Amino acid sequence: MADVRYEQATKLYSGTDVPAVDALDLEVEDGEFMVLVGPSGSGKTTALRMLAGLEEVDAGAVLIGGRDVTDLPPKKRDVAMVFQNYALYPYLTVSQNIAFPLKMAGVKKAERERQAAEVARRLGMERYLGRKPSQLSGGERQRVAMGRAIIRQPSVFLMDEPLSNLDAKLRVQMRADIAALQRDLEVTTVYVTHDQAEAMTLGHRVAVLDHGRLQQVGEPRELYDRPTNRFVAGFIGSPAMNLCDVTCEHGAVSFGGERVKLGPAAANGSGAVVLGLRPEALEVGLEGLPARVEVVEEFGADAFVFSSAQIGGEETRLVARTEARRAPAQGERIFLRVKPEEAHLFDAETGERLGA
């Protein structure tokens, strides 16, 4: 077991002045499941490859178990990586693919087969040991790739968008399987994804990156309830947080002509600010901001009402959550009221969170 530390770790590709990873400071505790999440180009995969030794670190350091591995080759870092494309050997059986790291380490065939069978049992793949990758589904191939990583018993698991090639239903199942497996093995895991739903359901903690810089790191609930800036607020959550440019005066904001007193959240805000409202912070009622329903998406007992309204003289799209059985119809005129205690405020220029 081992912890992982990035210390001002920086990667700058030739031909560009903007670092792909910019002075990353991040600590992953021993046995923790850390998810790196962000949009394309945020630096999350580059950060993972720096940890794996597949990308050079141009400045700063990377440590595993307190040991500086910045300049060590991948094979000396005691990590195992699971890739997006599985990277299986097509001419080897499932058993041989899983056991391949042991073969490279000189372990005898009988012991390789015994360990491969044990790993396959843990992954529910016992009956597939004699098959080739071409005879497996995408989810089964990913289990084999994970088995090959597990059998090495590394200090750290690295996973680079391992579920992105799977269909939606299988992704949900595999998320649960990966979480259970990591919990059983108690191995430090760094997992990269662009899917914030994956990040929020898998990670003990989640690190949000954008343009190579760490924006916020914390438990999933912390990121949802207390985003540190406008980027995190808009990236975490589905549907995304409503972000509206408004004016703040004397602890209150003007929301489409409606004065909404926000109390402590607005204590440090004045002038132009950004009001952040999760869909559940907007109520569909009989009074408030007039809006017109564009789309209603039902999800069992809940429904998301997508509408348009005039805020500050501009047409603004808003989404509110309500009970499906009470949801309005497309094209209907509705009123939206803010729940002040669930509002967020951000600086209009810097995007940083205002208030406690």
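Just so it is clear, none of the values below were taken in a lab; they were calculated from the coordinates. Computed from a predicted model, the values in this text were never measured in an experiment. No Cβ is skipped: glycine too gets one built from the backbone with ideal geometry, and neighbour counts run over all protein chains shown.
If you run the Gaussian network model on the chain, springs between alpha carbon atoms under 10 Å, then out of 66, 271, 15 the most flexible one is 15.
For the stretch 242-354, what does the alpha-carbon gyration tensor say about shape, rounded, prolate or oblate, given a ≥ b ≥ c as the root eigenvalues, a/c under 1.5 as rounded, and a/b over b/c as prolate? Prolate, since a/c reaches 1.5 and a/b exceeds b/c.
Whole-Å semi-axes of the stretch 57-101's equivalent ellipsoid, largest first, each the root of 5 times a Cα gyration tensor eigenvalue?
30, 12, 8
Given R0 = 51 Å, the distance between the Cβ atoms of residue 225 and residue 108 translates into a calculated FRET efficiency of 0.45. Which entries of 108/132; 11/132; 75/169 have Cα-Cα distances beyond 31 Å here? Too far apart for the 31 Å limit: 11/132; 75/169.
For a straight C-alpha distance cut-off of 19 angstrom, the lysines reachable from residue 76 (same-chain residues fewer than eight places away being disregarded) are 103.
Distance from the Cα centroid of the stretch 3-45 to that of the stretch 105-182 is 26 Å (rounded to whole angstrom). Straight-line cross-link partners of residue 339 among the lysines, defined as a Cα under 19 Å from its Cα and at least 8 positions apart when in the same chain: 261. Comparing mean-square fluctuations of 107, 192, 172 from a GNM of the chain with C-alpha springs under 10 Å, the top value falls on 107. An ellipsoid equivalent to the stretch 4-230, defined through the eigenvalues of its Cα gyration tensor, has semi-axes of 30, 20, 15 Å when rounded to whole angstrom and sorted largest first. Per-residue ellipticity at 222 nm, computed for the chain from helices alone with -39500 (n - 2.57) per DSSP H run of at least four residues, works out to -7000 deg cm²/dmol. GNM on the chain, C-alpha springs below 10 Å: top fluctuator among 91, 224, 191? Fluctuation is largest for 91. The value of relative contact order for the chain, using C-alpha pairs under 8 Å at least six residues apart, is 16 percent.
Relative contact order, whole percent, for the stretch 242-354 stands at 32, derived from Cα pairs under 8 Å and 6 or more residues apart.
Under 8 Å for C-alpha pairs, at least 6 residues apart: give me the relative contact order for the stretch 1-134, rounded to a whole percent.
On the way: 180 pairs, mean separation 27.8, N = 134.
So the answer I get is 21 percent.
The spacing between the stretch 226-240 and the stretch 285-313, judged by their C-alpha centroids, is 20 Å. Restricting the GluC sites (Glu not before Pro) of the stretch 1-81 to loop positions (DSSP other than H, G, I, E, B) with no more than 11 neighbouring Cβ atoms within 10 Å leaves 56.
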